[in-house]
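See below for the structure under consideration.
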Amino acid sequence: MTINTNLAELLDLVVKEGGSDLHLFAGGSPMIRVSGALIPLTKYPALTETETEDMLRSIVPESRWGSFQENQTIDLSYAHKADIRFRINGYRVQGTTALALRLIPRTIHTFTELNLPPILEVFTQREQGFFLVVGPVGQGKSTTLAAMIDRVNDTRAEHILTIEDPVEYLFTPKKSLIHQREVHIDTSDFHTALQSAFREDVDVIMVGEMRDYETISSAVTAAETGHLVLSTLHTNNAAQTIDRIIDMFPSEQQAQVRVQLAGSLIGIFSQRLIPRVSGGLIPAYELLINNNAVSTLIRDARTHEISSVIQTSSQEGMIDMDRSLADLVHRGEITVEHAYEHSLDSKTFERYL
């Protein structure tokens, strides 16, 4: 399989310009995202439908092209040259082919390098439990999970299993044995791979994304039965995350799920990438730690009170998003305007200022 030469040139340009994403679509010039902003590459002419389809087909294995034609969308990873990887989504827009390509950084960075709180180290050392990294699309969730998994790899002799669609960061085994399974290639779906993990002598499981209640149910069960389970959800904060998980289950199962989640959850980390005054992006974050008070709120369906617990529990290590944003403003890292855009409660944010 030989990559389309025009696509190869554009992938090289993403790396050269320090971009994070590339968008290709019929009827417009390619666009690149740099430091959160989309920039049109006007020196390139508008792409045609034939050109975008040829670009996608040049990197999709022949065995999966039929799936794209049937489903009108496809996710895959692509290794460009020796050490550059992209996560790719091909999809249809009004009958034409479009591509969204995200650069996967070559290096798995540490918490310090990513400007993440050191307390995340604590969760990598847990023997069992359920930990979630949440936030909207494109906010660095996969990068944070990769840092956590690599920290386990640095410090513990464990069997780590990742289940991803597609595989993004590639881990080099250090102290741990690491197996990475890709949906559609190594397994049919997340749920099947999780069920199989119970027979594979696994200690730590990373689930790239929880898309249905079968996957969530298996993940919670794994956390209850002696595994450390890390995963992501596209939710805005800790309280919404808990509600989303429970709402995925049939109503007759929700009371039992609350009990399970109250016992197995160890923490929820929500993050946003904010434009930095000096250039680039820096994370602001919220951290919920499941203590006795939080566990009771989950069981009693009082998740609307969780935000107040986070705000008043900084001495236990919890982190409030609005306080995190205010701290970044005080340090001169971000502007007040950008902080307001990502604030969860503007009045609370103003008090911290």
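Where strands (runs of 3 or more DSSP E) sit wholly within the range 1-119, those with at least 1 residues that are surrounded by 19 or more Cβ atoms within 10 Å (Cβ to Cβ) occupy 21-25, 31-34, 73-80, 84-93, 96-104. Looking across the range 314-334, the residues that are in contact (Cβ under 8 Å) with a residue 60 or more places away in the chain and either part of a loop (DSSP other than H, G, I, E, B) or not assigned by TED's automatic domain parsing to the domain that holds Asn290 (or both) come down to Gly317, Ile334.
Going by the conditions given, is Glu214 in a helix (DSSP H, G or I) and either under 24 Å from Gln256 (Cβ atoms) or of a type in the set (S, T, N, Q) (or both)? Yes; evaluated as a whole, the condition is true for this residue. Set side by side, the residues Ile242, Ile266 differ, and just one is in a helix (DSSP H, G or I) and either in the same structural domain as Lys175 (by TED's automatic domain parsing) or crowded, with 23+ Cβ neighbours inside 10 Å (or both), which is Ile242.
When Glu121, Glu113, Glu127 are checked against the criterion of being touching a residue at least 40 places away in the same chain (Cβ under 8 Å) and either outside the structural domain of Ile160 (by TED's automatic domain parsing) or of a type in the set (Asp, Glu) (or both), a single residue qualifies: Glu127.
Scanning the range 162-179 for residues that are buried (at least 19 other Cβ atoms within 10 Å of the Cβ) and either more than 14 Å from Glu209 (Cα to Cα) or acidic (Asp, Glu) (or both) gives Glu164, Asp165, Glu168, Tyr169, Phe171, Ser176, Ile178.
Here Lys174 clears all of (1) at pLDDT below 95; (2) in contact with a helix residue (DSSP H, G or I) (Cβ under 6 Å, 6 or more places away or on another chain) except the condition numbered (1). Residues in the range 253-296 that are touching a residue at least 40 places away in the same chain (Cβ under 8 Å), in contact with an Asp or Glu (Cβ under 7 Å, 6 or more places away or on another chain) and among the aliphatic types (A, V, I, L, M): Val277, Ile282.
The values are calculated or read from the model by the stated rules, or taken from the named source; none is laboratory data. It should be emphasised that the depicted structure is a prediction, and the values quoted were computed from it without experimental measurement. Note that we place each Cβ from the backbone using ideal geometry, even for glycine, and neighbour counts take in every protein chain shown.
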